[in-house]
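**Q** Before I ask anything, let me first share the structure, which is written out below as structure tokens.
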Amino acid sequence: MNNTSHATVSAEQLITENIDVWTSAIKKRGSQGRGSSKKIELYGIKKLRELILELAVRGLLVPQDSE
């Protein structure tokens, strides 16, 4: 149980202390198609969502009851 608690702190710190990095990471796309609004992808946000989902599935976002 102590190990899970340590992992929770690490996950929280990873997300909150680096939120500026997550939100500023963008990826340029090719200029295919019409419209200019689709030329960037919010890559950091996409990866942050994936990380949060993965941590939630593994039960690492909140302390787990051992019972």
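The values are calculated or read from the model by the stated rules, or taken from the named source; none is laboratory data. Source: prediction; values computed, not measured. Please note: Cβ atoms are built from the backbone with ideal geometry, for glycine as well, and neighbour counts cover all protein chains shown.
**Q** Can you tell me which of (1) surrounded by 11 or more Cβ atoms within 10 Å (Cβ to Cβ); (2) of a type outside the set (Lys, Arg); (3) assigned to a loop (DSSP other than H, G, I, E, B); (4) at pLDDT below 85 is the one GLY59 doesn't meet?
**A** (4)
**Q** Within the stretch 24-56, take every residue that is polar (S, T, N, Q) and at pLDDT below 90 and give me the one that is nearest to SER10 (Cα to Cα). Outline the logic, then answer.
**A** Filtering the stretch 24-56 for residues polar (S, T, N, Q) gives 24, 31-32, 36-37.
Applying the additional criterion that residues be at pLDDT below 90 yields 31-32, 36-37.
Values: SER31: 39, GLN32: 40, SER36: 38, SER37: 35 Å.
Among them, the one singled out is SER37.
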